[in-house]
Amino acid sequence: MYGENTQRIMFIGALICIVLVASFLLYAKNDLQREQSAEAIAGAFHSFKKMEGSSELPSLRLAGPDGQEMGLEDLRGKYVLLNFWAMWCAPCVKELPSLQALKNNYTRPDFAIIAVSVDDPVQMEKIPGFLDRLGVGSVAYYHDYKAQLQTAFAFNALPTTYLISPQGKILYVMAGPTDWYTKQMVSFLDRFQ
């Protein structure tokens, strides 16, 4: 009934259809995996909010680990993960060790991780011993002793963390605690290079 050429054409057509369907299914599977990966990252940062059109931060002073005054502008040229915490804040204290672990293990010359205490200045002398007991001194021994950062950032929850660009602009803000040293967090931070 059908000629030999017609059967070949139908066979080739069927083969092309099979290849197209297989390609589509493979693409759809990869697309779904990418989407699930993005959702997993977003899930790790349920309250990380992107800050659109933020302006450059003003010159702000704080006390550094050596007790010397420093400014956020001293960190220009680096991405900065800036965390605000207090000794009286249980969620802050709980997350500080994971922030320290991130700092210890996520070493990039273009990235700085600091945690700034917003405790009352009369409490400053208690902070070093408190941090030593927690084992988090190298990440957290900064103090907003003039409350300049608290005023400039105007956060209303602790802990609150900002991701700041090398140009001094706020990229993201997260209110609330998180586990900082996870694969998802490292993947998220790796996007900023």
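The values are calculated or read from the model by the stated rules, or taken from the named source; none is laboratory data. The structure displayed is predicted, hence computed values, not measured ones. Note that we place each Cβ from the backbone using ideal geometry, even for glycine, and neighbour counts take in every protein chain shown. SASA here: full protein model, heavy atoms, side chains in, ligands and nucleic acids out. Shrake-Rupley method; radii C 1.70, N 1.55, O 1.52, S 1.80 Å.
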The relative contact order of region 69-193, taking Cα pairs under 8 Å that sit 6 or more residues apart, comes to a percentage of 35 percent
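With r as the distance between the Cβ atoms of Glu4 and Tyr106 and R0 = 45 Å, compute the FRET efficiency 1/(1 + (r/R0)^6) and round to 0.05. List each step's numbers first, then the result.
Working: r = 66 Å, r/R0 = 1.47.
Efficiency, from the Cβ-Cβ distance: 0.10.
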Share of Cα-Cα pairs in region 43-130 beyond 23 Å, whole percent, is 31 percent
Share of accessible surface on carbon and sulfur in region 100-193, whole %, 1.4 Å probe and ligands ignored, is 51 percent
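Once you list every other residue whose beta carbon is under 14 Å from the beta carbon of Trp88, what net charge do they have if Lys and Arg are +1 and Asp and Glu are -1? List each step's numbers first, then the result.
Values: positive: Lys94, Lys126; negative: Asp119, Asp120.
Around Trp88, the charge tally is 0.
Order Lys183, Lys50, most accessible first, counting only protein heavy atoms with a 1.4 angstrom probe.
Details: Lys183 170, Lys50 125 Å².
From most accessible down to least: Lys183, Lys50.
Find, among the chymotrypsin sites (Phe, Trp or Tyr not before Pro) in region 44-142, those assigned to loop by DSSP (not H, G, I, E, B) with at most 12 other beta-carbon atoms within 10 angstrom.
Numbers: sites: Phe45, Phe48, Tyr79, Phe84, Trp85, Trp88, Tyr106, Phe111, Phe130, Tyr141, Tyr142; in loops: Phe45, Trp88, Tyr106, Tyr141.
Qualifying residues, ordered by number: Trp88.
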